[in-house]
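Report on one structure; see the data block that follows.
The values are calculated or read from the model by the stated rules, or taken from the named source; none is laboratory data. Bear in mind that the values here come from a model prediction, so they are computed numbers and not experimental data. Cβ placement follows ideal geometry from the backbone for every residue including glycine, while neighbour counts extend to all protein chains displayed. For accessibility, only protein heavy atoms count, side chains too; no ligands or nucleic acids. Shrake-Rupley method; radii C 1.70, N 1.55, O 1.52, S 1.80 Å.
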Amino acid sequence: MSGLILCRTKEAENPYYISGMDLNIYSLEELCYYIYNNVYLIGLELADETLFEFIRNETGETELADRLKVLKKQKAGLAEIVVAILKYVDYYTIGEIEQIREIIETLNTQNVLERLKARADSFLDNKCYYSAISNYNNIISSKKDST
């Protein structure tokens, strides 16, 4: 992705707060940027009622909010939910979205400790030291996996 990108959605008065990163999101484009650049940090907990209400009430995108609720009810995977958001907002190319889908699907094939390690490393890269330490501690305190 390069060049100037104009936001087409409205800026929220009340941001969506991402606690693990201590980050406020004010638009759907910012949400897409966060997802794309922090793919190892996100999980299904991202797709919660708070996000749906943010999308519906703060950005006015009721169609996307309804689509995400349906996906959640159908027990869709993280990749499906992320792709639905990224395609709706049209912030990234189809090729970039497919790369994210592949990364998420690869993460789904890893065991829990491998995913936690990738997540902890990503927190560390983003200078979120407390979250990184918490994830590393979870790895250390976990039972050993024979694989």
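Would you mind getting the accessible area per residue of region 1-132, heavy atoms of the protein chains only, 1.4 Å probe, in Å²? Kindly include the intermediate steps, with their values, before the conclusion.
Details: 7550 Å² over 132 residues.
Per-residue value: 57 Å².
Under 8 Å for C-alpha pairs, at least 6 residues apart: give me the relative contact order for region 1-122, rounded to a whole percent.
Values: 105 pairs, mean separation 31.4, N = 122.
Contact order relative to length: 26 percent.
Counting only C-alpha contacts under 8 Å and six or more residues apart, can you give the relative contact order of region 71-143 as a whole percent?
On the way: 38 pairs, mean separation 15.2, N = 73.
With pairs under 8 Å counted, the relative contact order is 21 percent.
For Leu116, Leu44, Leu64, Leu23, write out the residues from largest to smallest accessible area, computed with a 1.4 angstrom probe and no ligands counted.
On the way: Leu116 35, Leu44 85, Leu64 5, Leu23 60 Å².
So the residues, ranked largest to smallest area, are Leu44, Leu23, Leu116, Leu64.
Could you state the number of Å between the C-alpha centres of region 62-96 and region 101-119?
19
Heavy atoms only, probe 1.4 Å: what % of the accessible area of the chain goes to carbon and sulfur, would you let me know? Walk me through the numbers before you get to the answer.
Details: 4510 of 8940 Å².
Ligands and nucleic acids excluded, carbon and sulfur reach 50 percent.
For the chain, which longest stretch is free of loop sites, where a loop site is one of the trypsin sites (Lys or Arg not before Pro) that DSSP puts outside H, G, I, E and B and that has at most 12 other Cβ atoms within 10 Å?
On the way: sites that count: Arg8, Lys75, Lys127, Lys143, Lys144.
Longest site-free region, per DSSP loop and neighbour criteria: 9-74.
Which of the three applies to the chain, rounded, prolate or oblate, going by the alpha-carbon gyration tensor with a ≥ b ≥ c and a/c under 1.5 meaning rounded?
Working: a/c = 1.74, a/b = 1.61, b/c = 1.08.
It is prolate, given that a/c is not under 1.5 and a/b is the larger ratio.
Using alpha-carbon pairs under 8 Å, 6+ residues apart, how would you state the relative contact order of region 107-147 in percent? It would help to have the intermediate numbers written out before the result.
Details: 22 pairs, mean separation 14.8, N = 41.
It comes to 36 percent, rounded to a whole number.
Do the alpha carbons of any pairs in Lys73/Lys143; Lys75/Lys117; Lys10/Lys69; Lys87/Lys143 sit beyond 29 Å of each other, and which pairs? Present the calculation step by step, with values, prior to reporting the outcome.
Details: Lys73/Lys143 32 Å; Lys75/Lys117 25 Å; Lys10/Lys69 21 Å; Lys87/Lys143 39 Å.
Distance filter (> 29 Å) returns Lys73/Lys143; Lys87/Lys143.
Any idea what angle helix 112-125 forms with the longest principal axis of the chain, computed on alpha-carbon atoms, 0 to 90 degrees, nearest 10?
70
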